[in-house]
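The structure under discussion appears below in the form of structure tokens.
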Amino acid sequence: MPSASTKAAATDAVADTRLAPGRPGYRRMSFALFAAGVAAFALLYSTQALLPAVSADFGVSASAASWTVSAATGALALCVLPLSALSERFGRRTLMTASLAVAVAVGLLVPFAPSLSWLVALRAVQGAALAGLPASAMAYLAEEVRPKALVAAIGLFVAGNSIGGMSGRIVTGWAAQLWGWRAALAAVGVMALVCAVVFRLMLPKARHFAPGSLRPRALAKAVRVHLADPLLMRLYAIGALFMTVFGAVYTVIGYRLVEAPFSLPQGVIGSIFLIYLVGTVSSAAAGKLVGRLGRRGALYLAVTTTAAGLLLSLSDALAAVLAGLVLITAGFFAGHAVASSSVSRTAKTGRAQASALYQSAYYLGSSAGGTLGAVAFHAGGWAGTVLLGLVAVLGVVSVTLYGTHSARVQERESRRTYNRTASRSVLRA
């Protein structure tokens, strides 16, 4: 005969209508958000693999061309918080659909930019449009997916980001070699359009969304609450620092590989972004890593892997450079999946704002990494970019160590409080 606890568990399982592996709608949701992630990252970083070609066509330096990436990520970072507020009022699904639609429309205009200034401006608009997607997606998952399946679900969304980043760069690399960088950007726009249609058709309607307020005071209050949370602040810093490394490395790597001693053609350089598949695996496996090592243990593993990749990439042997990129990519995506899922689990209210603040920090890190990485490359070559990455990695280690220390101090204080309370209870008895 079933025990009382078994009956209670069964009742809870029936009552909880949120999505989980094996339940209706979970696969559709996963595939839809995967497609959205592909479209978003393909569009957001569509010019990154083309920077040498853009520099040559407009006659500008690497740091000037890097603004075609930094403008998009910077605009996303600035707009993600206000757009997340709109998702609290009008719904996650609605805002994600609108964001993708505008970003795709701009993406189809980008290939016709007559100058670098126009290209940067259009890319900024595109980044601002995409700002409605990431925080809304995280909030949608936090509301519609059971807590035990949340890390895995977010990992799949992040995996979609990695596939989008990879496929977009491969498509642009070969298309640019055959027909030029403008045709390459047009191809990415068409690919993103297909993904956006699939997303809209597949994503289940939200069943657990409760509309919030658009009042500025309510938004400011939610932001203050999140910024006052030490754990959330550490997670925001970790996301920004990880993305600084990643943005610097992948903004500059094309310039390094097109020069001696490698002298690779544009198509081959684009194909190197197949390494993003490693990020797909590591982000999807983030849930298992946290289960075995804990959140901090998983972060330590991610940061160690990233640092090892940076050092290995200093070699002049192409195989060593590629191995270094593999390690950097694996470490970054694992760390990002752990940090972003921790934000969704930590925030109890205003989840869209909590995720938006993380995304804002994350993409500010990307913008800073892209610009500073190009400046460091101009000043000190690839070694300068690696040094910048190692400084950011040291920052992640410092933040995580501080979090570990704070948790231990808090645990000791809790024990002392408990012992005092217990002693007083004994004396009174």
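The values are calculated or read from the model by the stated rules, or taken from the named source; none is laboratory data. Quick caveat, the model's predicted, so the values are computed rather than measured. FYI the Cβ positions are ideal-geometry reconstructions off the backbone, even for glycines, and counts take in every protein chain you see. Ligands, DNA and RNA are stripped out before the accessible areas are found, and what is left, the full protein with its side chains, is counted by its heavy atoms. Shrake-Rupley method; radii C 1.70, N 1.55, O 1.52, S 1.80 Å.
For this structure, a couple of remarks:
- For the chain, the Cβ-based charge dipole about the Cα centre amounts to some 2120 debye (Lys, Arg positive; Asp, Glu negative; other atoms uncharged).
- Angle between the chain longest axis and helix 4-15 axis [Cα atoms, degrees, rounded to 10]: 40 degrees
- Working note: Karplus 6.51/-1.76/1.60 with θ = phi - 60° gives the stretch 105-119 the couplings 4, 5, x, 7, 8, 3, x, 9, 4, x, 8, 5, 4, 5, 4 Hz, where Gly and Pro are set to x.
- Shape call, the stretch 288-369: gyration tensor on alpha carbons, a/c limit 1.5: oblate
- Whole-Hz ³J(HN,Hα) from phi, Karplus 6.51 cos²θ - 1.76 cosθ + 1.60, for the stretch 374-382, glycine and proline x: 5, 5, 5, 5, 5, 7, x, x, 4
- Low-density loop positions, trypsin sites (Lys or Arg not before Pro), the stretch 166-208 - DSSP coil, at most 15 other Cβ in 10 Å: Lys205, Arg207
- Ranking Thr251, Leu43, Ser282 by Cα position along the charge dipole of the chain, where only Lys, Arg, Asp and Glu carry charges on their C-beta atoms, puts Ser282 farthest toward the positive end.
- Radius of gyration and Dmax over the Cα atoms of the chain, both given in Å: 22.4, 86
- Compared with the dominant principal axis of the Cα atoms in the chain, helix 230-258 is inclined by about 20°.
- Helix 181-202 vs. the chain, principal-axis angle (Cα, 0 to 90°, nearest 10): 30 degrees
- Highest average packing first - 247-257, 87-97, Cβ atoms within 10 Å: 247-257, 87-97
- Relative contact order computed over the chain (Cα-Cα under 8 Å; 6+ residues apart), in percent: 24 percent
- Based on Cα contacts under 8 Å between residues 6+ apart, the stretch 298-422 shows a relative contact order of 24 percent.
- Ranking of His405, His208, His336 by solvent-accessible surface, largest first: His405, His208, His336 (1.4 Å probe, protein heavy atoms only, all chains present).
- Rg/Rg_ref, the stretch 181-324, where Rg_ref = 2.2 N^0.38 Å and atoms are Cα: 1.42
- The stretch 21-46 and the stretch 129-191: distance between their alpha carbon centers, rounded to Å: 8 Å
- With a 1.4 Å probe rolled over the protein heavy atoms of all chains, the accessible area of Lys288, Lys221 falls in the order Lys288, Lys221, largest first.
- Anisotropy class of the stretch 121-176 from Cα gyration tensor, a/c 1.5 cut: oblate
- Whether the stretch 121-251 is rounded, prolate or oblate, judged on the alpha carbon gyration tensor where a/c under 1.5 counts as rounded: prolate
- Result for the chain in a Gaussian network model with C-alpha springs under 10 Å: among Ser30, Ser84, Ser61, the largest mean-square fluctuation is at Ser61.
- Pairwise centroid distance, computed over Cα atoms, of the stretch 371-400 with the stretch 243-310, Å: 14 Å
- Extending 7 Å from the Cα toward the beta-carbon at both Arg412 and Ser115 defines two label points whose distance is 6.2 nm.
- Amide H contacts under 5 Å for Leu19, placed H, 5+ residues apart: Val145, Arg146
- The 3J(HN,Hα) values that the Karplus relation (6.51, -1.76, 1.60; θ = phi - 60°) gives for the stretch 217-222 are, in residue order, 5, 5, 5, 4, 5, 4 Hz. Gly and Pro appear as x.
- In a reduced charge model with +1 at each Lys and Arg Cβ and -1 at each Asp and Glu Cβ, the stretch 133-260 shows a dipole moment near 440 debye about its Cα centre.
- Förster radius 51 Å - calculated FRET efficiency between Lys221 and Leu178 (Cβ-Cβ, nearest 0.05): 0.45
- Take every pair of alpha-carbon atoms less than 8 Å apart whose residues are at least six positions apart; their mean separation over the length of the stretch 273-372 yields a relative contact order of 30 percent.
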